[in-house]
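Peer 1: Pasting a structure here, questions to come.
FYI, it's all coordinate maths here, none of it is from the lab. No experiment lies behind these values; they were computed from the predicted model shown. Quick reminder, even Gly has a Cβ in these numbers, built from the backbone with ideal geometry, and neighbours come from all protein chains shown.
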Amino acid sequence: MDPIARKLGLEIQTSAESISSRALEGARILYLRAPSKEFTAVETEAIVGFVKSGGSLLLVLDEERRQSLDKTRVNDLISPFGMRLTADTEYLPNAGVIAKAGEINKADREVPYDGGRAVEGGTAFAFQLDKEGRPAQPFAAYKRLDNGGRIVVLGEGMASLFLGDPNGVRLSGGPNTPTTYWGKDSAIFMEEVLVWLSGQLGRDRF
């Protein structure tokens with residue numbers, strides 16, 4: 001993520017401390033990738049307030065065996081904005097995702113996906129692929145608020161790890177089975193997400 005942030009003129013600051021309104025002062029984007037601990041009431045209030053004040057939120061949560069929906073209570077962060085993550089969807093090995101050209105992505109993007117959740121609410125822009133390779137449940141959705149706040153939610157974490165390979169074959173492998181993951185566009189997909197969240201849509205990205 002660092003190279004993309006530098007390209008966009010963004011500075012990444014990491015912290016293991018509790019999230020508070022004071023800690024978020026001056027931040028443009030709050031990136032919550034694969035949280036595993038419960039967000040406290042104070043943290044939830046701070047995050048919701050950050051978005052309501054015009055900040056941007058990028059939330060990535062993987063499948064239940066990696067991050068618990070109930071334990072983390074991440075839906076409390078996004079439900080005030082009409083969004084929620086579902087329980088795990090039906091597992092298809094190395095199913096992949098297609099992100100459609102639109103407000104966030106400049107062109108259709110092929111993204112890896114190997115077990116995760118769907119996103120309800122907001123505007124879906126990337127979709128899990130079914131057995132026949134057709135777009136199915138939403139893997140990613142966004143929400144733009146009237147006050148300038150922006151939210152992107154991803155229901156699986158492989159794209160955020162920049163995984164995927166041009167030589168990957170859909171529906172190959174399986175749980176805990178080594179494979180080459182389908183989905184060649186993780187880097188540009190994540191860059192376009194950050195561009196949108198940071199409000200830099202007018203710049204030359206490529």
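Peer 1: Enter the Cα centre distance for the pair the stretch 14-48 and the stretch 51-105, rounded to the nearest angstrom.
Peer 2: 16 Å
Peer 1: How do LEU154, LEU145 line up, fewest other C-beta atoms within 10 Å first?
Peer 2: LEU145, LEU154
Peer 1: Sorting GLU17, GLU43 on the 10 Å Cβ count, fewest up front, what's the list?
Peer 2: The order, fewest Cβ neighbours first, is GLU17, GLU43.
Peer 1: Oh, and also: What angle, in degrees between 0 and 90 and rounded to the nearest 10, separates the Cα long axis of helix 186-198 from the longest principal axis of the Cα atoms of the chain?
Peer 2: 20 degrees
Peer 1: Still on this structure, I have one more. Number of Lys pairs in the stretch 2-198 with C-alpha atoms less than 30 angstrom apart, excluding same-chain neighbours closer than eight positions?
Peer 2: Qualifying lysine pairs in the stretch 2-198: 22.
Peer 1: Could I ask something else about it? Arranged by the count of other C-beta atoms within 10 angstrom, fewest first, what order do TYR31, TYR142, TYR113 take?
Peer 2: Ranking TYR31, TYR142, TYR113 by Cβ neighbours within 10 Å, fewest first, gives TYR31, TYR142, TYR113.
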